[in-house]
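Here is the structure we will look at, set down as C-alpha cells.
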Amino acid sequence: MGGSDVRGAVLALMATLIYYLGFIVFRVAANRMPELRGTRPLRLLQYTYTNWLWLSGLVIVLAGVATQVKALTMLPLSLAQPIFAASLLFVLFYAGVFFGERLTGREWACVGLFGLATAMVGASNGRHEVLTSAVAGPLTLMAVVVPGILIGVAVLVGGDIRTFGRHARPLAGIAHGIGCGVSLGVSELALKGVAAVYNAHGLAAAAYGTPYPYVAVGMAALGLAQLQIGLQRCRMSIVVSVLTVTAKTQLVILGALLYKEPWPSDRLLVALRLAAFVLAGAALVLFPRHEAVEERAGAALVPSARERA
C-alpha cells in the first residue's frame, strides 16, 4: 500500500465504525417507537423523522457517509470492501454486550464464512489494484438501480405478511437484512460515483451534475426504512450481519460493471475472488430463517417499552 492507500484505509475503517454507531442509535430508537409497518409509509416517516433519537442516529450515519465518500476517492471498491466489512465485529460485540443478543453456532459459522470471504476478496487484489475515475452511463446505472428498488419495495411491503398457525415461528430478519442490504449497497455504489466525479471535476459537479447523489439519497432512504423495521422486530446482530454480507458483496461485483474497476489478471487471484463470492452466497443461504425461543432470551441493557411493560 502507498501513503494514499493507507490514509484511505484508515478513513474507510472510520467511516464504517461511524456508520454502524448510527445503526446502534437506530436500534435504541426502534425500541421506543410504536410498531412500524412498511404498508403504512406515512406513519413510518412520522414516527422516524419526529423522533429525536432516530434523527441523532441519522446525523451520525451522514457523518459516516461523508467520511466514506472521502475514503472512496482514495481506494478501489475491491480494496475498500474488506475494510468496510471488518467493522461488523464492532456491531456484533455491542449487540452482545448491551442488547443481550447471542448468536447460535450456525449463525457464528455463517459470520465466519463471510469473514473468510472478505479476507479472500482482499487477498485477490494482489499488489497492483488500480483506482479508476470512470463512471457508468445512465442505462448501466438504471440496470443496477431498478432491481434494487423493486427488491427493496418488495421486502418493505412483504415484510408485513405474517406467518400464522401453531407452527409459526418468529422470523430472524434475513429478508429485512437482504432488502436493506440491496438498497444500501446500491446507495454505496452511487457514493463511489460521487467520489469519482468529485476526484475528476470537483464538488459542484459531484453534488449537482450527475444522478449519483440523488440515487445515493433515495436508495439510502429506502434502505433505512427497512432497517428501522428490521431492528424493531429482529435481533440487530442478524439484520446487520445479513445487510453487510449483501451490501459489501454488491460493491465488488457491481463496482466492476459501473466503474470499470479491473479484475485481477492472475488466474489464481480470479479463482480466489470467485470463491469468495460463493462463500458469501453460502453465508446468506445458511443463515437460519427463524428464531428459536432460546435465541430471543436474554436481558438487554436497553429494554424496549414493550419489554418494560
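Among the residues of the stretch 44-57, is any more than 23 Å from residue 151 (Cα to Cα), modelled with pLDDT of 85 or more and assigned to a loop (DSSP other than H, G, I, E, B)? Yes, the stretch 44-57 contains a residue that is more than 23 Å from residue 151 (Cα to Cα), modelled with pLDDT of 85 or more and assigned to a loop (DSSP other than H, G, I, E, B).
Candidates are the residues of the stretch 69-91 that are of a type outside the set (Val, Ile, Thr) and within 14 Å of residue 22 (Cα to Cα); the one that is modelled with the highest pLDDT is 90. Within the bounds of the stretch 100-111, is there any residue that is farther than 23 Å from residue 261 by Cα, β-branched (Val, Ile, Thr) and either at pLDDT below 85 or touching a His at 6+ places or on another chain (Cβ under 9 Å) (or both)? No, the conditions are met nowhere in the stretch 100-111. Has the stretch 65-76 got any residue that is buried (at least 22 other Cβ atoms within 10 Å of the Cβ), in contact with an Asp or Glu (Cβ under 6 Å, 6 or more places away or on another chain) and not acidic (Asp, Glu)? Yes, that holds for at least one residue.
Does any residue of the stretch 71-87 turn out to be more than 17 Å from residue 14 (Cα to Cα), outside any helix (DSSP H, G or I) and of a type in the set (Val, Ile, Thr)? No: the stretch 71-87 contains no residue that is more than 17 Å from residue 14 (Cα to Cα), outside any helix (DSSP H, G or I) and of a type in the set (Val, Ile, Thr).
Number of residues in the stretch 124-152 that are within 14 Å of residue 210 (Cβ to Cβ) and at pLDDT 85 or above equals 2. For the stretch 13-53, a tally of residues being among the polar types (S, T, N, Q) and crowded, with 20+ Cβ neighbours inside 10 Å returns 2. For the stretch 153-167, filtering for residues that are touching a strand residue (DSSP E or B) at 6+ places or on another chain (Cβ under 9 Å) and modelled with pLDDT of 65 or more leaves 1. The residues of the stretch 224-265 that are farther than 27 Å from residue 120 by Cα, part of a helix (DSSP H, G or I) and out of contact with any strand residue (DSSP E or B) (no Cβ under 8 Å at 6 or more places or on another chain), listed by number, are 224, 225, 226, 227, 228, 229, 230, 231, 232. Just a yes or no: is a residue in the stretch 260-274 crowded, with 24+ Cβ neighbours inside 10 Å and modelled with pLDDT under 90? No, the conditions are met nowhere in the stretch 260-274.
The values are calculated or read from the model by the stated rules, or taken from the named source; none is laboratory data. Since we're looking at a predicted model, the values are computed, not measured. Please note: Cβ atoms are built from the backbone with ideal geometry, for glycine as well, and neighbour counts cover all protein chains shown.
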